[in-house]
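What follows is one structure encoded as structure tokens, with my remarks underneath.
What follows is calculated from the coordinates using simple rules that are stated; it is not laboratory data. Because the structure is a prediction, the values reported are computed rather than measured. Every residue, glycine as well, gets a Cβ built from its backbone with ideal geometry; the counts of neighbours run over all protein chains shown.
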Amino acid sequence: MANLSVDDVFDGDSVLTKIVDELEDCFPPINPTPETPHAKIMYLAGQRSVVEYLLAKLNEEDDV
């Protein structure tokens with residue numbers, strides 16, 4: 001996996017922050033119920049994992 005910085009990808013964190021905020025709204029953390037099909041849980045978790053990855057990258061940049 002490449003070690004890209006926010007600047008490498010988005011030319012500054014203001015654009016990344018806006019994207020992550022929008023993704024947070026579109027793909028919130030999931031709260032499955034016992035009736036939620038396993039495939040749907042995995043699908044939603046995959047979407048959310050992208051948001052979590054971007055949040056981690058954003059926090060990484062803040063710590064530098």
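Working from label points 7 Å from Cα in the Cα-to-Cβ sense, the Glu24 to Gln47 distance is 1.8 nm.
Fully extending the segment from Glu61 to Ala39, taken as 0.36 nm per residue of separation minus the present Cα-Cα distance, adds 4.6 nm.
Phi-derived couplings, Karplus 6.51 cos²θ - 1.76 cosθ + 1.60 at θ = phi - 60°, listed residue by residue for segment 24-36: 4, 5, 6, 10, x, x, 8, 10, x, 10, x, 7, 5 Hz, with x used for Gly and Pro. Other residues with beta-carbon under 12 Å from the beta-carbon of Pro32 carry, at +1 per Lys or Arg and -1 per Asp or Glu, a net charge of +1.
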